[in-house]
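Taken together, the values in this text are just the output of simple stated rules run on the coordinates, not laboratory data. None of these values were measured; they are calculated from a predicted model. With ideal geometry, Cβ positions are generated from the backbone for all residues, glycine too; neighbour counts draw on all protein chains shown.
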Amino acid sequence: MLPIADDPPRLIRTVPNGLLYQVGVGEDQSWLVHVWGMNGYDYGFAYGTLLSEQIIQFFPKLYAYLEQEIIDHLEHLKLPKWLKQLIADEGLAFALDMQNLLAQAYMDPEIYHELRGIADATKIDYDLLLRLHMFGELTRGHCSLYGVWGKATLNGKTLQMRTFDWDIDAGLQDYPVITIYHPRSPTLGHTFTNIAWAGYIGVLTGMSSTMMGIGSIGILFPDDTFGDESVVGLPFIFLQRYLMQYSETLDDALSYITNIRRTCHLILGISDGKLGTGRIIQYSHSLVRFFDDINLQPLTDWHPRLDNVVYEGMDWLCPAFQSKLYEQIRAQYGQITPETTIQSIPAVVKTGDVQVAVYDLTDNMLYVANARGEGEHGPLPAYQRQFIKLDLNIEYARVPPTI
């Protein structure tokens, strides 16, 4: 394992309502963006101004790549037949615009304002930005996660691991961005962190200043304990963002999940450093179930329970990865730290090809690695690459620029 890079962020640029830093070493670096705002537009305009070059490079080629992938693999996607036919007949842009119309009633309006701010700052097509944020409902990532606390960890810390396994050829790792949102109005919730890519404001990997963390797994192999799916509802990337931006407690988050109109099959993982606990959520449109370490599912010989541990490996019915993840957690039980996780869990299980994040929710520390980018050297998957450590206590305390 390479030494974890923990050098202070390097300031690159300052704009009204925004600061741009770089973190990391050598080829394994990430942009670190701070934005302040009274509304979503303030967030988006500062963000787009700071990352204009990256977004203009990234989003058009990402859309073109994903559009071709959808067309080439349409018959194999886990979508309703009518939606597949709509894509085939009318095109992907039409289908994504319709997806937005079906989601609009459930969306936080500030999300649209933020995207408009990015579009105005970058001069990139607003519709392109919006469509790319609807892709998550069409494609699912094979990911893994754990939440560990109490006697499972060294010194009883609350930790969460979130690995992102997806299409490494899409090039997300060429534009890694960690964004810290600082609200200047209580209507924008509290300070939170989105670990994503240039221009992407939905949350797949995130932490909040309320000492909570989140991750998810797209489900391709459910069982009959899942409910049905729907294309009408809040896209899950914005549900996860809402939880990090607005939920003060674990109970707040679980209540929101219960009451919102949900869409697709997922596993969510949420951990809370204040309470010292974690939950797995079996998620679908018509049914949601919450699991802790006592009632964790699925309960099988390849997915046993452990005190103070919740975990899921790559899918719901995925014995090979589920059992391997369990074995690695069990081998470190009682001594689990972010460092031992990085060394012995995703790297051994081989999960997290695009991104790996470990949250220390007791001390507000983030550890993250990204896959090898274009023109870079060394191993390809994120789980074999350099990790960056970021002290979020320092980042949450930063003050806005005075210009």
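On a full-extension model of 0.36 nm per residue, what is the gain between A93 and V25, subtracting their alpha-carbon distance, rounded to one decimal in nm? If you can, show how the numbers build up before the last one.
Working: separation 68, 0.36 × 68 = 24.48 nm, distance 3.85 nm.
Answer, rounded to one decimal: 20.6 nm.
In Å, the Kirkwood hydrodynamic radius of the chain over pairs of distinct alpha carbons? Don't skip to the answer; put the middle values down first.
Working: mean 1/r = 0.0475 Å⁻¹.
In the chain this quantity evaluates to 21.0 Å.
Tell me, in nm to one decimal, what length is gained between V348 and D307 on full extension, where the rule is 0.36 nm per residue of separation less the Cα-Cα distance? Please list the in-between numbers first.
Details: separation 41, 0.36 × 41 = 14.76 nm, distance 2.21 nm.
Extra length from V348 to D307 when fully extended: 12.6 nm.
I want to check a number: in the chain, how many lysine pairs have alpha carbons closer than 19 Å, given a sequence separation of 8 or more or different chains?
On the way: K61/K123; K151/K274; K157/K274; K157/K389; K324/K350.
Lysine pairs meeting the criterion: 5.
Assigning unit charges at the beta carbon (Lys, Arg +1; Asp, Glu -1) and nothing else, what dipole magnitude in debye, to the nearest 20, does the range 1-73 show about its Cα centre?
Working: 3 positive and 9 negative charges, 67 e Å.
Using Cβ point charges on Lys, Arg, Asp and Glu, the range 1-73 gives about 320 debye.
Quick one: if you stick a label point 7 Å off each Cα along the C-beta vector at L154 and L275, how many nm between them?
If labels sit at L154 and L275, their model points lie 2.7 nm apart.
Based on the Cβ-Cβ distance from A64 to R13, what FRET efficiency comes out when R0 is 22 Å, to the nearest 0.05?
Efficiency, rounded to the nearest 0.05: 0.20.
Average projected area of the Cα convex hull of the range 144-290, in nm²? Spell out each step's value before the answer.
Values: hull surface 39.5 nm².
Taking a quarter of the hull surface, the average projection is 9.9 nm².
Want the number for E75 to V232: 0.36 nm per residue separation, take away the alpha-carbon distance, what's left? Let's see the in-between values first.
Working: separation 157, 0.36 × 157 = 56.52 nm, distance 2.13 nm.
Full-extension gain reported as 54.4 nm.
State to the nearest 20 debye the size of the charge dipole of the chain about its Cα centre, where the only charges are +1 on K and R beta carbons and -1 on D and E beta carbons. Mind dumping the intermediate values first?
Numbers: 28 positive and 47 negative charges, 129 e Å.
So the dipole magnitude of the chain works out to roughly 620 debye.
For the peptides 2-9, 147-154, 206-213, what is the packing order when you average, over each peptide's residues, the other Cβ atoms within 10 Å and list the highest mean first? Mind showing how you got there, number by number?
Working: 2-9: 14.0, 147-154: 21.5, 206-213: 26.1.
Order by mean packing, descending: 206-213, 147-154, 2-9.
Report the FRET efficiency, 1/(1 + (r/R0)^6), for I56 and N259, where r is their Cβ-Cβ distance and R0 is 60 Å, rounded to 0.05. Walk me through the intermediate numbers first.
Numbers: r = 39 Å, r/R0 = 0.64.
With R0 = 60 Å, the Cβ-Cβ based efficiency is 0.95.
Say R0 is 22 Å: what FRET efficiency, to the nearest 0.05, do I403 and D127 get from their beta-carbon distance? If you can, show how the numbers build up before the last one.
Numbers: r = 32 Å, r/R0 = 1.44.
Given R0 = 22 Å and the Cβ-Cβ separation, E is 0.10.
Given the peptides 49-58, 75-84, 90-99, arrange them by the average over their residues of other C-beta atoms within 10 Å, most packed first. Walk me through the numbers before you get to the answer.
Working: 49-58: 19.4, 75-84: 12.8, 90-99: 17.3.
Top of the packing list down: 49-58, 90-99, 75-84.
Give me log10 I(q)/I(0) at q = 0.15 Å⁻¹ for the range 10-137, Debye formula, one equal scatterer per alpha-carbon, no solvent.
-0.81
In the chain, if the dipole is taken from +1 on Lys/Arg beta carbons and -1 on Asp/Glu beta carbons about the Cα centre, which of I168, F135, P319 is farthest to the positive end?
Value: P319.
About its Cα centre, how strong a charge dipole does the range 10-137 have in debye, to the nearest 20, once Lys and Arg get +1 and Asp and Glu get -1 at the Cβ? Show your work: numbers first, answer last.
Numbers: 9 positive and 18 negative charges, 49 e Å.
Using Cβ point charges on Lys, Arg, Asp and Glu, the range 10-137 gives about 240 debye.
Need one number for the range 132-188: average projected area of the convex hull over its C-alpha atoms, nm². Each step should come with its number before you reach the end.
Values: hull surface 28.7 nm².
Computed as one quarter of the Cα hull surface, the answer is 7.2 nm².
Which whole-Hz ³J(HN,Hα) couplings does the range 84-101 yield from phi under the Karplus relation 6.51 cos²θ - 1.76 cosθ + 1.60, θ = phi - 60°, glycine and proline marked x?
The phi angles translate into 4, 5, 4, 4, 5, 7, 10, x, 5, 4, 4, 5, 5, 5, 5, 4, 5, 4 Hz.
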